[in-house]
Amino acid sequence: MKLDAHWMPFTANKAFKANPRMLASASGMYWTSGEGARILDMTAGLWCSNLGHGRESVARAMYEASVNLDYAPSFGFGHDASFTLAERLAALAPGDLNHVFFTNSGSESVDTALKMAIAYQSARGLGSKRMFISRERAYHGVNMGGTTVGGITTNTRTFGRWAPVDHLHSTLDIERNAFSKGLPDFGADRAEELEQLILLHGAENIAGVIVEPIAGAGGVIIPPKGYLKRLREICDAHDVLLILDEVVCGFGRTGSFTAGIEFDILPDLFTVAKGLTSGTVPMGAVFCRSGIHDTIMASAEGIEFFHGYTYSAHPIACAAAHACLDIYEEEGLFTRVNEGIGKYFEHVLHNLKDLPEIIDIRNYGLLGAIEFADQGSEAPVGVRVFQEAWKQGVMLRGLGNIVVMSPPLVAEESHIDEFAEKIWRSIRTVTEEQR
Ligand code: PLP
């Protein structure tokens, strides 16, 4: 097969094409590789396949939608499934976050939320509030808004920042919090930096603060106890919006519908994608508080928000999301993580502590990370562990010196045991090779 034409995203294309890793099929907790190997999915794909793979009711719902109404423009037209889906989602959201705007990805959700924040500030006569505060090591997707607020240097350096933005320091503090289980004890004080940034730039210039409750792609960075609550208080004190990017955390990954609910933080806007359709078909959404929605609605006659996508509220995606919500509800998956499997995962993960080179293990719900000492090598340990684990038959994610895990929410203890055995062997192999 010729591999040249497909320019692959976020991939070392030359290296991949010299040594491709192909996926041929997927079912339940497993992929089958192009070479016929069975690979345990410990990442839910890209943090998205929360329900495991090959769920027939979802496939059937998509098929039925596509024969009935394969497409419906959502600019000025409606179809039932989009309104019923929005209602259903709004009922799950906390507080008055009861307006839902559909997108096709996490990146689109982030850019939509940033625009909503600016539109809201402008609609209430505060048009100078256009700046955002984000965090170092934050990942908010790759559209220009997300790239601009993002805090991962490699993702932004070629493209620059297209809007004013400043960053809080990351809350990762291995010196004080190494090997913590759940929320780390130390570091809530880092939220105070937000007050300083607001005073520096002027609240009159700041539209909002955007953070992932648990930063995923930055390396599963779990907020210290009290940190997010303090961000909320500071935002309130200075009339600045708080946007939670729940693209990874939403749909049960932390043990609640959203991490905002899990950590008892009420944002003004929050984004989702991934778990909404369990990765089966692209879809995202932004949830918006009533006051923000109503202010924007009251600000104009005719079209109130000049923004939207050809595929917003696509009928096939709406059908998939409905079918996924049915499964989340029937199988109790939003809370399953806190009812045993998350604890088992934590126990197994922390049992790896004494393997060589490990400087931190951290976890919350079904999110986990192992961080290795920085050898300054061209092929960091995390990446080599990921490569070795693939050979052993388990999919992990290697992010520099970190490997991260985010298994489907349907994982059983036997899958976690299989993971433990294979990652143990992978880490041993990589660290022995290094000596
Ligand atoms: N926001 C967060 C927190 C993410 O982790 C991601 C993707 O991993 C995105 C946004 C972007 O989502 P997408 O890749 O669907 O555009």
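Read the figures in this text as sums done on the coordinates, not as results from a lab. Keep in mind it's a predicted model, so treat the numbers as computed, not measured. Methodologically, a virtual Cβ is constructed for each residue, glycine included, from the backbone with ideal geometry; neighbour enumeration extends over all protein chains shown.
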Q) Among residues other than TRP7 whose Cβ falls under 15 Å from its Cβ, what is the net charge (Lys/Arg +1, Asp/Glu -1)? A) +2
Q) How high is the relative contact order of the range 86-239, given as a whole-number percent (alpha carbon pairs under 8 Å, six or more residues apart)? A) 23 percent
Q. Can you work out ³J(HN,Hα) from phi for every residue in the range 400-409, in order, using Karplus 6.51 cos²θ - 1.76 cosθ + 1.60 and θ = phi - 60°, giving whole Hz and x for Gly and Pro?
A. x, 8, 10, 10, 10, 10, 8, x, x, 5
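What ranking do 377-385, 283-291, 393-401 get when scored by the average of other Cβ atoms within 10 Å per residue, highest first? Working shown, then result.
Details: 377-385: 18.2, 283-291: 23.6, 393-401: 21.3.
Ranking, from highest mean packing down: 283-291, 393-401, 377-385.
Which length gain, in nm to one decimal place, applies between GLU339 and LEU199 when the Cα-Cα distance is subtracted from 0.36 nm times their residue separation? It would help to have the intermediate numbers written out before the result.
Numbers: separation 140, 0.36 × 140 = 50.40 nm, distance 4.28 nm.
Between GLU339 and LEU199, full extension yields an extra 46.1 nm.
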Q) Considering only DSSP beta bridges whose two residues both sit in the chain, what percent are antiparallel, to the nearest 5? A) 65 percent
Q. How long are the three semi-axes of the equivalent ellipsoid for the range 58-118, computed from the Cα gyration tensor as the root of 5 times each eigenvalue, in whole Å, largest first?
A. 24, 15, 12
(Q) So if I place +1 on the C-beta of Lys and Arg and -1 on the C-beta of Asp and Glu, and nothing else carries charge, what would the dipole magnitude of the range 74-214 be about its Cα centre? I want it in debye, nearest 20. (A) 360 debye
Q.
How many angstrom lie between the Cα centre of the range 16-73 and the Cα centre of the range 255-321?
A. 24 Å
(Q) Loop-only GluC sites (Glu not before Pro) in the range 264-363, please: DSSP not H, G, I, E or B, and at most 16 other Cβ atoms within 10 Å. (A) GLU301, GLU304, GLU331
Q) Which whole-angstrom value gives the distance between the alpha carbon centres of the range 411-433 and the range 104-120? A) 39 Å
Q: Let me know the charge dipole size of the chain about its Cα centre in debye, to the nearest 20, where only the beta-carbon of Lys, Arg (+1) and Asp, Glu (-1) is charged.
A: 1020 debye
Q: Specify the residue with the greatest mean-square fluctuation among GLY45, GLY125, GLY145, computed from a Gaussian network of the chain linking alpha-carbon atoms under 10 Å apart.
A: GLY125
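Note down the net charge around ALA117, summing +1 for each Lys or Arg and -1 for each Asp or Glu among other residues with Cβ under 10 Å from its Cβ.
Values: positive: LYS115, LYS129, ARG130; negative: ASP268.
Here the charged neighbours net out to +2.
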Q.
List the residue ranges in the chain for DSSP H helices whose C-alpha atoms run 20 angstrom or more along the long axis and whose Kyte-Doolittle average is 0.0 or above.
A. 106-123, 315-330
Q. What distance in nm separates the simple spin-label points at LYS353 and ASP239, each placed 7 Å from Cα in the Cβ direction?
A. 4.9 nm
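Given Cα pairs under 8 Å that are at least 6 residues apart, what percent is the relative contact order of the chain? It would help to have the intermediate numbers written out before the result.
Details: 863 pairs, mean separation 93.7, N = 435.
Normalised by residue count, the contact order of the chain is 22 percent.
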Q. In whole angstrom, how far apart do the alpha carbon centroids of the range 198-247 and the range 323-394 sit?
A. 25 Å
(Q) Along the charge dipole of the chain, pointing to its positive end and built from +1/-1 on Cβ of Lys, Arg, Asp and Glu, which listed residue (GLN121, GLY45, PHE10) has its Cα farthest out? (A) PHE10
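Could you list LEU126, LEU89, LEU200 in order of exposure, starting from the residue whose Cβ has the fewest other Cβ atoms within 10 Å? Numbers along the way, then the final one.
Details: LEU126 17, LEU89 21, LEU200 9.
Listed from fewest to most nearby Cβ atoms, that is LEU200, LEU126, LEU89.
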**Q.** Percentage relative contact order, the range 1-142, counting C-alpha pairs under 8 Å, at least six apart
**A.** 10 percent
Q: Treat every Asp and Glu Cβ in the range 290-431 as -1 and every Lys and Arg Cβ as +1, leave all other atoms uncharged, and give the resulting dipole magnitude about the Cα centre to the nearest 20 debye.
A: 580 debye
**Q.** Set of lysines near LYS343 by C-alpha distance (under 23 Å), chain-local residues within fewer than 8 positions excluded
**A.** LYS181, LYS225, LYS353, LYS422
